[in-house]
Amino acid sequence: METQKKLAIRSKGLKGQIKVPGDKSISHRSIMFGAVANGTTVIHNFLKADDCLSTMSCFRKMGVEITEEGGKVIVHGNGWDGLKEPETILDVGNSGTTARLMAGILSGRPFHSVVVGDDSIAKRPMKRVTDPLSLFGADIDGRNNGQYTPLSIRGGELSAVDYNLPVASAQVKSAMIFAALQAEGVSTIKEPVPTRNHTETMIKKFGGDITSENREIKVKGGQSFYGTEIEVPGDISSGAFFLAAGAVVPESKLVLPVLGLNPTRTGLIKVLEEMGANITVVLEEGEDYEPRGTVTIESSALKGIEIGGDIIPTLIDEIPVIAFLATQAEGRTVIKDAEELKVKETNRIDAVVSQLKILGADIESTEDGMVIHGPTSLQGGTVDSLGDHRIGMTLAIAALVCKDEVVLKNAEAVNISYPSFYSDLDSLAR
Ligand code: S3P
């Protein structure tokens, strides 16, 4: 159901501690590896949001028992062969991660499956996975010559490949790693720019083997995994909205504990530092599979900066909220090398530019990003998430500093990654 929401305005003083929900990328992977591992995997702080629930539902359809007990999610894995042919379609909803990573898993399973999703998924490029998966020998196809969902996969025996990824995409890399794990031989996958490495860290956590050096990943086929205990850290991509709010709403101080701080995800922290934010990071001691820590932000004056190059994959999901930050910063901010934004849940260049403009931002799109001049005093208006969770949350944060009322259409989009977003925000803005 489409919901319209009047957003809170808060001219000063956001204070408190906010423990954001579990990391989306890690939650997806914990179900996937738990499903193909031997034995029980116990997941703490699993993200119960629509995207990860789609992953859960797909693996249940393949016969994997997944139970819940006192806030923990328990995956009862029976190894790769525990996955069975689903009797019906595998519906990934809005989740590109589910569609692409699962395609890698399904490519090596000896059965037929069909992967479908919602209207947004139907527009997202799938050739970037169907092409390399075919090189492993997978029988995989999709609408319009393998370009889009529905995907049809008849899995089978695979052989290792050497492949240079043409796009910097953790989803494509991970789909290939899942195929490589089931292939005969050692595969080499080379990335143009390092992307989030949660698949790699999780392979090690589940007792597997993978090496990564100079953007070159080597994966041996025929690996088995063993059930384990996973603590999912808070999602920095969800924390990003509060870091932005804390940075720009005057007299604010927000503390975000147990936030995931994997260096392949922390580009936003570098950007905030460079913009002049008052931010401190304290890493937790001890070795776990994923680094985590406490981030504290206090409001301060910000300045415009240039963002592009290798940092982009480390903050790709945070660019909408960075664009908002730039509207409040002194001077010009340029975001470039970010053409991947065009193929996210929405075309996020168009979505951010069109919606922030409604609020009065000085922002223009470019071929591979956007240019923002600030600071601007944002007004009010009716804006739309356009069905994209991160656009919805960006607009809710922008509304905090608006002069007049802001109404958000399709406000329910936040359920994709952060169902308690509005109540968490309200708890601080009071
Ligand atoms: C993700 C990878 C990124 C990111 C997405 C989650 C993942 O997508 O934008 O939200 O979990 O691997 P791409 O691989 O398409 O860049």
| message | For the condition touching a residue at least 60 places away in the same chain (Cβ under 8 Å), assigned by TED's automatic domain parsing to the domain that holds residue 34 and surrounded by 17 or more Cβ atoms within 10 Å (Cβ to Cβ), what is the one hit in 138, 170, 180? | response | 170
| With respect to residue 260, is the statement that it is without any contact (Cβ under 8 Å) to a residue 12 or more places away in the chain and assigned by TED's automatic domain parsing to the domain that holds residue 15 true? | no
| query | In this structure, is residue 94 over 24 Å from residue 189 (Cα atoms), within 15 Å of the ligand (Cβ to nearest atom) and in contact (Cβ under 8 Å) with a residue 40 or more places away in the chain? | reply | yes
| said: Quick test for you: out of 9, 18, pick the one residue that is open to solvent by 20 Å² or more (accessible area, probe 1.4 Å), away from the ligand (no atom under 16 Å from the Cβ), β-branched (Val, Ile, Thr) and assigned by TED's automatic domain parsing to the domain that holds residue 240. | reply: 9
| Do we find a residue being free of Cβ contacts under 8 Å to residues at least 40 places away in the same chain and more than 16 Å from the ligand (Cβ to nearest atom) anywhere in segment 332-349? | yes
| Is it the case that residue 31 is among the hydrophobic types (A, V, I, L, M, F, W, C) and open to solvent by less than 10 Å² (accessible area, probe 1.4 Å)? | yes
| Which residue out of 248, 186 is farther than 24 Å from residue 292 by Cβ and not assigned by TED's automatic domain parsing to the domain that holds residue 127? | 248
| remark: Considering residues that are open to solvent by 10 Å² or more (accessible area, probe 1.4 Å) and within 16 Å of the ligand (Cβ to nearest atom), the number found within segment 54-67 is 1
| field | Flag if residue 255 is out of contact with any strand residue (DSSP E or B) (no Cβ under 8 Å at 6 or more places or on another chain) and on the phi < 0 side of the Ramachandran plot | value | no
| field | Flag for residue 45 being more than 16 Å from residue 227 (Cβ to Cβ) and in the same structural domain as residue 173 (by TED's automatic domain parsing) | value | yes
| task | Considering (1) more than 25 Å from residue 26 (Cα to Cα); (2) more than 16 Å from the ligand (Cβ to nearest atom); (3) surrounded by fewer than 23 Cβ atoms within 10 Å (Cβ to Cβ), say which one residue 326 fails and leave the rest. | result | (3)
| task | Provide a single number: the residues in segment 98-121 that are open to solvent by 10 Å² or more (accessible area, probe 1.4 Å) and within 16 Å of the ligand (Cβ to nearest atom). | result | 3
| query | Is segment 38-53 home to any residue that is without any contact (Cβ under 8 Å) to a residue 60 or more places away in the chain and surrounded by 16 or more Cβ atoms within 10 Å (Cβ to Cβ)? | reply | yes
| said: Being open to solvent by 20 Å² or more (accessible area, probe 1.4 Å), outside the structural domain of residue 45 (by TED's automatic domain parsing) and over 21 Å from residue 22 (Cβ atoms) is the requirement here; does residue 306 meet it? | reply: yes
| Picking from 345, 287, 364, 340, which residue would you name as being open to solvent by 20 Å² or more (accessible area, probe 1.4 Å) and in a strand (DSSP E or B)? | 364
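Looking only at segment 380-430, filter to residues that are assigned to a loop (DSSP other than H, G, I, E, B) and over 21 Å from the mean Cα position of the chain (by Cα); which one of those is nearest to residue 247 (Cα to Cα)?
401
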| message | Looking at 337, 362, 404, can you tell me which residue is outside the structural domain of residue 194 (by TED's automatic domain parsing) and at positive phi? | response | 337
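The values are calculated or read from the model by the stated rules, or taken from the named source; none is laboratory data. Quick caveat, the model's predicted, so the values are computed rather than measured. FYI the Cβ positions are ideal-geometry reconstructions off the backbone, even for glycines, and counts take in every protein chain you see. The protein model used for the area step is the full one, side chains on, heavy atoms only, and it has no ligands, DNA or RNA in it. Shrake-Rupley method; radii C 1.70, N 1.55, O 1.52, S 1.80 Å.
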